[in-house]
1. On a 0 to 90 degree scale, rounded to 10, what angle separates helix 15-24 from the longest Cα axis of the chain?
2. Over region 8-132, what relative contact order in percent results from Cα pairs under 8 Å that are six or more residues apart?
3. Percentage of Cα-Cα pair distances in region 77-158 greater than 14 Å, rounded to whole percent?
4. Near P15, within a Cβ-to-Cβ distance under 14 Å, what is the net charge of the other residues, with Lys and Arg +1 and Asp and Glu -1?
5. Would you mind putting 62-71, 526-535 in packing order, based on average other-beta-carbon counts within 10 Å, highest first?
6. Relative to the longest principal Cα axis of the chain, at what angle does helix 262-273 sit, 0 to 90 degrees, rounded to 10?
7. Aspartates and glutamates near K45 by alpha-carbon distance under 12 Å, same-chain residues fewer than 8 away left out - which ones?
8. Nearest-5 percent of antiparallel DSSP beta bridges in the chain?
Amino acid sequence: MAKKAAKNLVIVESPAKAKTIGKYLGPDYEVMASMGHLRDLPKSKIGIDFENDFKPDYRAIRGKEDIIKSLKKAADKADMVYLATDPDREGEAISWHLKYLLDLDDAKTRRVTFNEITKKVVQESIAAPRRIDQDLVDAQQARRVLDRIVGYRLSPLLWKKIRRGLSAGRVQSVAMRLVAQREKEIETFVPQEYWTLDALLHKQGDKTLFKAHYYGKNGKKYEPASQAEAQAICEDVMSRTFSVKSVKRADKQRSPSPPFTTSTLQQEASRKLNMTPRRTMAIAQQLYEGVELSGEGAVGLITYMRTDSLRISHEAQVAARALIDSRYGAAYRPNAFRQYKAKAGAQDAHEAIRPSNVSLTPEQVKGDLSGEQYRLYKLIWSRFLASQMSNAVYDSVTAELQAGDHSFRASASSLKFAGYAAVYEESRDEEKEEKEPALPPLEEGETVQLQKMEPLQHFTQPPAHFTDASLIRALEENGIGRPSTYAPTVSTILDREYVVKEGKYLRMTPLGSVVNDLMCQRFPKIVDVKFTANMEKELDEVESGDKNWKELLREFYGDFEENLSQVEKDMEGVYLKVPDEVSEEKCDVCGRNMVVKSGRFGRFLACPGYPECTFTKPLVVQMPGRCPKCGGRLMKRTGVSQKSGKQYTYYCCDRSTAADESQRCDFRTWDVPTKDDCPLCGWTMFKKSGKGFNRPFCINPDCPNFLPEDKRGYRKKTEDGGEAAGAKAAAKGTKKTTKKVTKAVPKGAQKSPKVTAKKGEEKE
């Protein structure tokens, strides 16, 4: 019997999302995926008709013809077409393009959005469709055209004046300027000396010491600025009697952090999980679209992950409170529902990021998730549940002590009631909290004995280098970009090698400095924080229907084009040289300090004596994952064979060169660490080095997923074959003598698609 044709067609972006939604709709619905955008501006040219009021030249994307054809065939047969792309500007634009490509009548076209992909929300949304929001579409078009103008008009200038492959962008160039400004602040910072004075005291008859910090003199706060001042205070205090002037006891309450927005999720995932913003959003997308759960099929685990709203639905709050009652007790649930206020200018179209079903605990779904999925879901789940819990209560004691005219203060606090802290506590970029030990029972008027004074010299510290997390926070605080642009912006400035990572910190490269200086000098408006933030506000006005998108483009383009023409005229015949970045590594041949160069496969070290000396070697690069022996960072290093003099690559723990021998770790391997953890044991997974079809494997011998070394694709090691010592050869510089073997891709296996960045363009 032939299958009855579905009366309704639902179009989403991804197959995973289609699979999850298809499970919740009956046989009358066919769910298909567009695989993202199907129509866009052409790659080969700017694609904007400036003579015709900025008319975009949209075209079907090359390679998507078969998808368009199959969607068109299904749409023609359907009675109703539901465009169910993501609930944001980009998703609205995809739906608008789909309507055009499929030649859909208004009468049979409906727009639906899902803040979360659950059966209830999917069915409710299908039952209450709407028309395409043209204001949302126009806001996306305005951003797209603006970014295309800036990228396609400025990038060629950078190619001509500096080097090919560079790009400028309306948001990325501002982000780069923020990093450059921070580095300048650090370079020009002049440390100021200051001293702290601690008095080590004890009660009469009790030798247990407690610490009191110097506050000031005659009731006024004072901080000694030199050793002489500190010594004078110490000498004066030593001859005085310490007495307890006052003791204050109080319960201090600490409120939980609000649920995640896109920005705060990326920041916290960077700090706690060491995930890049790009990776965080990729994993969050998987959790939103749906993952396969045992016995349930595909389930969307979180709400939409691109949002700056802190709103939580009443239904979700009720569910959270019920779970808190059952799991922790009524004391952990506040009397009233917690409401959080978003920052000014935040869009309230979506809720904050939360679990779709809070009763699905991380422990329940752990077996069905990858290591990264589990850790991110646990982070989102814990943060949301904690946001609905009672305050943490701390028992705080503060004592003021007097020694003549000098005041000292001692304080201590202890957790009295955990509240939300039983589930989650927010991390910080630079978290250095010293926990004060408990104070002995002190009474007003009693005297205490001075054991000794501890004067300590300090110097003020410059601001810290940006991290992924702190740069995203700076972008958000300055109103630069939107939730959808934070991750691609950080990725772009790293991919262009304007900025590099040293550990977790971002540092400008000489190339980035040259590009930033050019942009600041020649295009001050483009990199001006206030100008860019104002542009974001105007885009929001387009979205709300308060401003015409063509008017916004006209206001921007006139001054921009005039400025560009003048710069091209002024810089005729001018070429900017990027200075070499000198490293501390010495050339193995001639002994000169090697310099950092960029090549086809990334950054590497080269001898500055080229062409006389042609020695090169890779940079030591931090890799994803953790050392399976000690949990340290994994590094990519190189060695040189003593027999052939050829260079080889291996991977080891960063503690392999620790100064303290007791802290050294001898883990070394030829295998490449990956970003994924084993779903069974949680160890970092590895893959075979070299080209080919590389499937990650687990190296934990106690794990059911363990793959023995002889099954990883390498030749069996022999006693005389250079590889006999396995990973130990990497440490000793033993030559790896196995011939290069090209592993055939299994028939039917798909090769990874080659991704080409659009010339000079920012991704939203």
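Any read-out appearing in this document is the output of simple, stated calculations on the displayed coordinates, not a laboratory observation. Computed from a prediction, not measured in an experiment: that's the story for all the values here. With ideal geometry, Cβ positions are generated from the backbone for all residues, glycine too; neighbour counts draw on all protein chains shown.
1. 90 degrees
2. Answer for region 8-132 is 26 percent.
3. When every Cα pair of region 77-158 is considered, 67 percent fall beyond 14 Å.
4. Result for the local shell: -1.
5. Packing proxy ranking, top to bottom: 526-535, 62-71.
6. 60 degrees
7. In chain and number order, the partners are D57, E761.
8. 85 percent
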